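Enquirer: First the structure, which I've put down as C-alpha cells, then a few questions once you've had a look.
The values are calculated or read from the model by the stated rules, or taken from the named source; none is laboratory data. These numbers come from a predicted model, not from an experiment. Glycine also receives a Cβ, built like all others from the backbone with ideal geometry; neighbour counts cover every protein chain displayed.
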Amino acid sequence: MFNRIVDWAVTNRLLVAIALITLTVSAFFIIPRLNLDAFPDVTNVQVSVNTEAPGLAAEEVEQLITYPIEAVMYALPDVEEVRSISKTGLSGVTVVFKEGTDIYFARQLVFERLQAAKELIPEGVGTPEMGPNTSGLGQVYQYLLVAESGSGFDAMELRSLNDWVVKLLLIPAEGVTDVLSFGGEVRQYQVDLNPSKLLSYGLTQNDIMAALERNNTNVGGWYMNRGQEQLVIRGTGWLDHGKQGLEQLRQVPLKTVDGTTITVSNVAKVSLG
C-alpha cells in the first residue's frame, strides 16, 4: 500500500507539488488565527485575598495576617482548599471552591467573610483586599528595582518610585488588572510626641492629630473679578515631598501661649521612617 502511494506521488509530481504549495499557503494564513494557548488555563474556581504589610517579616505576616484570614475562609460553603504564601511585607491567600461554583457568588462569599477577618487583624498592620477576577495563571511577571551605586536611591526611594511612577505606568497596559508591591520601605512622615512637653503646654495627642489634618489640605476660596479677568482663589496646604515636607510639618501651629506660637517642633520630633 505504501509503495503504491509513493509510486503515484512520483508519477504525479506536478499534482503533488501543487497540493503541497496550496497546503503551505493555507497554513500560513490559518495558523495565526487559530485560538491556541501554549498554557491552557485549567484553573479551578478561586478567589485571592492580598494584604500589604510594610515592614513586617514573613513570620509576622503569617501569624498576624495570613492565619486569621485562612481561619475564617475555611468555614465557607463549597470550599475545597485554602492555600497561602507569606512574604516580607505581603500576604497572599487563595480560596479554592468546588468545580461549577459561580465565580461571582464565590467572590461575594469571600467579601462577606473578609469583614470578619479584618477584625482579627491588629489595627495598623495591614488591610486585606480581594484580588481581581483572574485565573491561577494571572501572575505573569515579577520585576525588581535596583539602584546603581552612588545614585542616591535607598530602599524608601525605590519603593516610592515603584508606587508612584512604575506602577502607574504598568496598570494601563493591555491585560494588566493590578500590580502588587512588596519589599522596600514605605515612606512615612513620623511625628514622635514628647509627653512631658505636651503636658507643659496643655496639649493632647488628639490636638496634634487634628492640627496636622487641618494643615494638610487644599481649600477653594471661590473667585474674584479683576477687570475682564476672573481669578480663582485657592489655598494650598498640602505638604511637599521629602525634607521640605518635614520642615513644613515642624512649623504646623498648635496654639498660642502669651503671644508665642507653639508648633509641632516644640512638642515632637518629626522624621522620615
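Enquirer: Mind counting the residues in the range 7-40 that are exposed (fewer than 10 other Cβ atoms within 10 Å of the Cβ) and at pLDDT below 80?
Expert: Matching residues across the range 7-40 total 11.
Enquirer: What helices (runs of 4 or more DSSP H) completely inside the range 1-120 contain at least 3 residues that are among the hydroxyl-bearing types (Ser, Thr, Tyr)?
Expert: On the way: elements: 2-11, 13-30, 58-61, 67-73, 103-120.
The helices (runs of 4 or more DSSP H) meeting that bar are 13-30.
Enquirer: Sticking with this one: I'd like to verify a number: residues in the range 242-261 that are part of a loop (DSSP other than H, G, I, E, B) and within 17 Å of Val191 (Cβ to Cβ), how many? Lay out the reasoning, then the answer.
Expert: Initially, the range 242-261 is screened for residues part of a loop (DSSP other than H, G, I, E, B), giving 242, 251-252, 258-259.
Applying the additional criterion that residues be within 17 Å of Val191 (Cβ to Cβ) yields 242, 251-252.
Number of matching residues: 3.
Enquirer: Any idea which of (1) surrounded by fewer than 11 Cβ atoms within 10 Å (Cβ to Cβ); (2) part of a helix (DSSP H, G or I); (3) not assigned by TED's automatic domain parsing to the domain that holds Gly242 is the one Ala173 doesn't satisfy?
Expert: The single condition Ala173 does not satisfy is (2).
Enquirer: Just one of Val179, Val186, Val232, Val219 is in contact with a Pro (Cβ under 6 Å, 6 or more places away or on another chain) and either polar (S, T, N, Q) or more than 22 Å from Val267 (Cα to Cα) (or both); which is it?
Expert: Values: Val179 fails: in contact with a Pro (Cβ under 6 Å, 6 or more places away or on another chain); Val232 fails: in contact with a Pro (Cβ under 6 Å, 6 or more places away or on another chain); Val219 fails: in contact with a Pro (Cβ under 6 Å, 6 or more places away or on another chain).
Answer to the check: Val186.
Enquirer: Across the range 210-231, which residue is farthest from the chain's Cα centre (by Cα) among those that are in a strand (DSSP E or B) and in contact (Cβ under 8 Å) with a residue 12 or more places away in the chain?
Expert: Result: Gly221.
Enquirer: Quick one: how many residues across the range 74-87 are under 17 Å from Glu99 (Cα atoms) and aliphatic (A, V, I, L, M)?
Expert: Filtering the range 74-87 for residues under 17 Å from Glu99 (Cα atoms) gives 74, 76-83.
Now narrow it down to the ones that are aliphatic (A, V, I, L, M): 76, 79, 82.
Total meeting the criteria: 3.
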